[in-house]
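The values are calculated or read from the model by the stated rules, or taken from the named source; none is laboratory data. The structure presented is a predicted model; accordingly, all values stated were derived computationally and were not measured. We place every Cβ from the backbone using ideal geometry, glycine too, and count neighbours over all the protein chains shown.
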Amino acid sequence: MRVGRLARAGFALAAALLATVEPVAARGLTIVRDVEIEEHVRAIADPLLSAAGLAPREVDIYLVKDERLNAFVAGGQNLFLHTGLVARAATPEQLAGVVAHEVGHIAGGHLSRQVAARERALGQMLLGAALGLAAAAVGAPQLGTAIIAGGATVAQSGVLAFSRVQEQAADLAAVDLLAAAKLPPRGLVEFLAVLEAQDMRLAAQGDVYRRTHPLTRERIAVLEARDESSPWRGRTLGPERAAVHERVRAKLDGFLDEPERVLANWTGEGVPARIARAAALHRRGEVEAAVALARGLVAERPEDPFLQELLAQILFENGRIADSIAPYRKALALRPDAALIRLGLARALLELPDGRGTEEAAKLAREVTRAEPRDAGAFRTLGIAEGRLGRIGPASLALAEAAVLAGNKAEARLHLGRAQQAIGPGDPSWLRLQDLVRAADALPEPRPNDPRARR
């Protein structure tokens, strides 16, 4: 699970186009990435996007590390889901209902009509911020990915809430989109009912979704009537999707919630409960207990790549580098298309003593940069590996790419200067170097109080 700032230096990103009308405090958006979670969200969202006439792969979906209930769209076709909302959605159908509602806002053009000028500016800011999604990865993987440190603080601006008319329109659009996916609106009804029942507590916690999506009893009544008449009434996404959803919730709680609360809430011997407890014990420093739980899961389900990845991460983050290699390799063999697992293995190989894994780490990281060209962490890993192999030109170029993606102008200039000394016009990398020079020049200058200004 990648956890990192979504930012590019000098850009301000509205944290939610569904936020309150009053300004909110400036803070960073922290993005979580994990193969299993992303695939689960995509499995739910893509049919809804297609039903809305949108190309699923042209809509970027981000998971924001925030315990508050919220989901929002920004900068055009970008959908953001808070981890709190995903973890609190008791069923995949509830998550599908919320996603369908947000897709309804996109398809209805509500944002463009409401804040056209702001959207144009935000689109540019969001593009810059998205380039720094995986900026400056220097940590160890979580759930098979890596901790990322990157980007500048993202300033949240005051934004507009949707009107009741737009909310009702999005509700009706969600009903149609869910029907196209052969689902009733029951999940959305249930989620809104949870918000209604917990109104006072959620308001006290500063809940965003409730304030920015005006909730009325009339809205719920209309959706309930639509559910009653739906030809798909009672249909669900099935037990397999429900099982994955429970694992996703367990991962999010295990790695993001307070360990003591996780251990109290996730009891029993089911797979999700043991995933959550293994993560919580790992975070609490009870390494042997965490490893034992993870090994037990792998022994029961050796062909599950995400359990292999979980074991590898726990071992790696606790300094048992050599022991982490085998489960990383197994996970990648089971899911060779998973770039984030490939990057986890690359980082582990890079940490082996005597540099014996460095050449393979460079190869793997290079493959990740091709699959995930906006992943600054992959470029940083590649740069470190190339540097340890004595290949100064490729190392400097990769580190410059990571710095540009992170929006770090000073660091980009530093590495570009070194790359220019090692890469000549006849080198295949020369044109890419020129592109990066122009990209670095276009970055905003760091502010005087930004530590990067002193580089």
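For segment 312-336, a residue qualifies if it is in contact (Cβ under 8 Å) with a residue 40 or more places away in the chain and more than 14 Å from VAL35 (Cα to Cα), and the qualifying residues are ALA312, PHE316, GLU317. Only one entry in ARG249, ARG295, ARG283 is surrounded by fewer than 21 Cβ atoms within 10 Å (Cβ to Cβ) and under 21 Å from the mean Cα position of the chain (by Cα), namely ARG283.
Residues checked against (1) crowded, with 21+ Cβ neighbours inside 10 Å; (2) closer than 25 Å to VAL262 by Cα; (3) hydrophobic (A, V, I, L, M, F, W, C); (4) in the same structural domain as VAL103 (by TED's automatic domain parsing):
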{"residue": "ALA43", "(1), (2), (3), (4)": "no, no, yes, yes"}
{"residue": "VAL59", "(1), (2), (3), (4)": "no, no, yes, yes"}
{"residue": "GLU67", "(1), (2), (3), (4)": "no, yes, no, yes"}
{"residue": "PHE72", "(1), (2), (3), (4)": "yes, no, yes, yes"}
{"residue": "LEU81", "(1), (2), (3), (4)": "yes, yes, yes, yes"}
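Considered as a group, the residues in segment 430-447 that are assigned to a helix (DSSP H, G or I) and of a type outside the set (A, V, I, L, M) include one that is farthest from ASN408 (Cα to Cα), and that residue is TRP430.
Test of understanding: among ALA9, ALA52, which residue is of a type outside the set (Asp, Glu) and at pLDDT below 50? It would help to see each step written out before you state the result.
Numbers: ALA52 fails: at pLDDT below 50.
So the residue among ALA9, ALA52 that is of a type outside the set (Asp, Glu) and at pLDDT below 50 is ALA9.
For segment 272-287, the set of residues classified as on the phi < 0 side of the Ramachandran plot and outside any helix (DSSP H, G or I) consists of GLU286 only. Which one of these is assigned to a helix (DSSP H, G or I), outside the structural domain of PRO428 (by TED's automatic domain parsing) and not aromatic (Phe, Trp, Tyr): LEU405, LEU382, LEU307, LEU399? Matching residue, one of LEU405, LEU382, LEU307, LEU399: LEU307.
Just the residues that are hydrophobic (A, V, I, L, M, F, W, C) and touching a helix residue (DSSP H, G or I) at 6+ places or on another chain (Cβ under 6 Å), please, taken from segment 279-290. Once the filter is applied, which keeps residues that are hydrophobic (A, V, I, L, M, F, W, C) and touching a helix residue (DSSP H, G or I) at 6+ places or on another chain (Cβ under 6 Å), segment 279-290 yields ALA279, ALA280, LEU281, ALA289, ALA290. Take the conditions (1) modelled with pLDDT under 95; (2) of a type outside the set (A, V, I, L, M); (3) not assigned by TED's automatic domain parsing to the domain that holds SER429; GLN313 misses just one of them, which is (1). Entry remark, segment 405-437: residues being out of contact with any Phe, Trp or Tyr (no Cβ under 9 Å at 6 or more places or on another chain) and under 12 Å from PHE379 (Cα atoms) number 1 in total. Restricting GLU360, GLU351, GLU372 to those that are modelled with pLDDT under 95, under 22 Å from ILE325 (Cβ atoms) and among the charged types (D, E, K, R) reduces the list to GLU372.
Only residues that are among the β-branched types (Val, Ile, Thr) and touching a residue at least 60 places away in the same chain (Cβ under 8 Å) were counted across segment 337-366, and they come to 1.
All conditions but one from (1) without any contact (Cβ under 8 Å) to a residue 24 or more places away in the chain; (2) surrounded by fewer than 23 Cβ atoms within 10 Å (Cβ to Cβ) apply to GLU411; the one that does not is (1).
For segment 222-246, which residues satisfy the criterion of being among the hydrophobic types (A, V, I, L, M, F, W, C), over 25 Å from the mean Cα position of the chain (by Cα) and surrounded by 14 or more Cβ atoms within 10 Å (Cβ to Cβ)?
Going residue by residue through segment 222-246, those that are among the hydrophobic types (A, V, I, L, M, F, W, C) are 222-223, 225, 232, 237, 242-244.
The next check asks that each one be over 25 Å from the mean Cα position of the chain (by Cα); those that pass are 222-223, 225, 232.
Residues satisfying the conditions are VAL222, LEU223, TRP232.
Residues ALA406, ALA395, ALA419: which one is free of Cβ contacts under 8 Å to residues at least 24 places away in the same chain and surrounded by 20 or more Cβ atoms within 10 Å (Cβ to Cβ)? Even if it seems obvious, please write down each step before you answer.
Working: ALA406 fails: free of Cβ contacts under 8 Å to residues at least 24 places away in the same chain; ALA419 fails: free of Cβ contacts under 8 Å to residues at least 24 places away in the same chain.
Being free of Cβ contacts under 8 Å to residues at least 24 places away in the same chain and surrounded by 20 or more Cβ atoms within 10 Å (Cβ to Cβ) holds for just one of ALA406, ALA395, ALA419, which is ALA395.
Within segment 370-379, if we keep just the residues that are part of a helix (DSSP H, G or I) and surrounded by 24 or more Cβ atoms within 10 Å (Cβ to Cβ), the residue that is farthest from the chain's Cα centre (by Cα) turns out to be PHE379.
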